Structures are given as C-alpha cells and as structure tokens.
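These notes are about the structure you will find just below.
The values are calculated or read from the model by the stated rules, or taken from the named source; none is laboratory data. In this text, all values refer to a predicted model and were calculated from it rather than measured experimentally. Note: ideal-geometry Cβ built from the backbone for every residue, glycine included; neighbour counts use all protein chains shown. Accessible surface areas use protein heavy atoms only, side chains included; no ligands, DNA or RNA. Shrake-Rupley method; radii C 1.70, N 1.55, O 1.52, S 1.80 Å.
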Amino acid sequence: MNLENIRVAREGQTAVVTLNRPQCRNALSLGLVLELIGCLDEIGRDRDVRAVILAAAGKVFCSGHDLSEMTGRNIDEYRRIFDACTELMAKIQAIPQPVIAEVQGIATAAGCQLVATCDLAVAAEEAAFGTPA
C-alpha cells in the first residue's frame, strides 16, 4: 500500500498509525481517510498485532474534515466523503484490536469524533477538544 497521508510503524505487538498531514493540521482528506481504512483493515487481519495507537504528526491531532475538499462539489462527491468517514469510524470499532488515540494537541469537529470512536484516548495536558455548535 502506497501511503502519502499516514505513517505506519510496528513497536513489538503494537501498530502505531500516525496522521501525517501536519501542514494541513492533519485534516481528514478523502485520501487520508481511505488510507486509514485500508491500513486498519490490514491491521485487523494481523493476529500478531495486539493494539493500535493512533497518533498525529505536528502540534494538532486532527482539525476535522479537510474544508478545501468541501466546496464546489456535487452531491455524489459529498456523499463519497461522508460515507468514507462513516466507514472509517465503523472500521475503528470493527477491528479486533483496541485502538488508542494519543492526543497531543487540538482535536476538533470530525477529529474529535475520531478520538471518541477509539476504544481509549490518552491526552496530553495541552490537548483540547471541540465540536462546532
């Protein structure tokens, strides 16, 4: 799998999956979401992996959906984005390994949902969470 938006590493029996779009505040682009789905699917089938840590590069955990992808689209393109996000959240719950969010910064909107979907969240003191009203 060619990964452009995430990094994957193994530390013993733990898979560390890192959101790797710090220049975009780790916003959930369609590409990132699809990479996460594929990666988690593969990890879910690997019985040697006992846990997954979901981390993020940079100072922001995840700012939510990539708003640059949310303009000028037709209804089918919006459905594709939101369906993929729904599939990602379901995939986190479906794999047999626990998924632990390692939150070192801000998690807002769909980024906050991403953290909430994980089985456990470990947050640094400077971590912050928010959803739009």
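Can you pull the percent of segment 7-91's accessible area that's carbon plus sulfur, 1.4 Å probe, other chains left in place? Before the final figure, lay out each step's value.
On the way: 2150 of 4380 Å².
Roughly 49 percent, rounded to a whole number.
Solvent-accessible surface of the chain, taken per residue with a 1.4 Å probe and all protein chains present: 53 Å². If you take the Cα centroid of segment 89-105 and the Cα centroid of segment 1-42, the two points sit 12 Å apart.
The mean sequence distance of close C-alpha pairs (under 8 Å, at least 6 residues apart), as a share of the length of the chain, puts its relative contact order at 25 percent. Once both labels are positioned 7 Å from their Cα atoms along Cα-to-Cβ, the gap between residue 3 and residue 77 label points is 2.8 nm.
Label separation (residue 86 vs residue 13): 3.6 nm, computed from points 7 Å beyond Cα along the C-beta direction. Within the chain, the percentage of alpha carbon pairs spaced more than 24 angstrom apart rounds to 23%. Working ranking of peptides 98-110, 75-87, 36-48 by packing, defined as the average number of other Cβ atoms within 10 Å per residue, highest first, is 98-110, 36-48, 75-87.
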